[in-house]
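Presented below is the structure to which this report refers.
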Amino acid sequence: MLKLDKYPFGIAIGALAPILGVVLYYLLKVDPQAMGFGRFIQYFFETKALLTAVGSLSLIANIILFTVFINSRKDKTAIGIFGMTVMYGLIVLYAKLER
């Protein structure tokens, strides 16, 4: 049986959840006919308002996962998720302040 209370598992899902959040935002809010995904990602990093809004929303996925794993007492996995949340937050902050 897969033991879910491991740091690498938390890091992996903590890295993937925000990416899935950005993809979900793209699928729900952007017309694929008007803007391809590659152009959306470029626009995402160029537009500070969008970077902040979508970046923050995508981290909500990690907050939900963190809460689920903390409440189920999978502390190592939760720490991995928290670490990746901090990393993504710092990346978004850096990208926002870069220019």
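Dipole orientation for the chain: of the candidates 32, 70, 83, 70 has the Cα lying most toward the positive pole (charges on Cβ; Lys, Arg +1; Asp, Glu -1).
In this label model, residue 75 and residue 41 are separated by 3.7 nm, measuring between points 7 Å along each Cα→Cβ vector.
Calculate the dipole size of the chain relative to its Cα centre from +1 charges on Lys and Arg beta carbons and -1 charges on Asp and Glu beta carbons; express the result in debye to the nearest 20.
Details: 10 positive and 5 negative charges, 38 e Å.
Computed about the Cα centre, the dipole is about 180 debye.
Using only alpha-carbon positions in the range 17-99, the gyration tensor eigenvalues give semi-axes of 27, 15, 8 Å once each is multiplied by 5 and square-rooted (largest first).
Mind checking the per residue accessible area of the chain for me, 1.4 Å probe, whole number of Å²?
67 Å²
Surface composition of the chain: carbon plus sulfur atoms contribute 71% of the solvent-accessible area (1.4 Å probe, protein chains only, all chains present).
First measure r as the distance between the Cβ atoms of residue 34 and residue 91, then evaluate 1/(1 + (r/R0)^6) with R0 = 30 Å and state the FRET efficiency to the nearest 0.05. If you can, show how the numbers build up before the last one.
Working: r = 27 Å, r/R0 = 0.89.
Efficiency, rounded to the nearest 0.05: 0.65.
Shown here for the range 59-91: trypsin sites (Lys or Arg not before Pro) in loop regions (DSSP other than H, G, I, E, B) with at most 13 other Cβ atoms within 10 Å, namely 73. Per-residue accessible area (protein heavy atoms, 1.4 Å probe) orders 31, 5 as 31, 5, starting from the largest. Under 25 Å of direct C-alpha separation, and excluding same-chain neighbours fewer than eight residues apart, residue 48 reaches these lysines: 29, 96. Scan the chain and note any complete DSSP helix (H) whose C-alpha atoms cover at least 24 Å along its axis and whose Kyte-Doolittle average is -1.0 or more. Result, helices passing both filters: 7-29, 48-71, 75-97.
The values are calculated or read from the model by the stated rules, or taken from the named source; none is laboratory data. Note that this is a predicted model, so its numbers are computed, not measured. Neighbour counts are summed over all protein chains in view; Cβ atoms, including those assigned to glycine, are modelled from backbone coordinates with ideal geometry. SASA here: full protein model, heavy atoms, side chains in, ligands and nucleic acids out. Shrake-Rupley method; radii C 1.70, N 1.55, O 1.52, S 1.80 Å.
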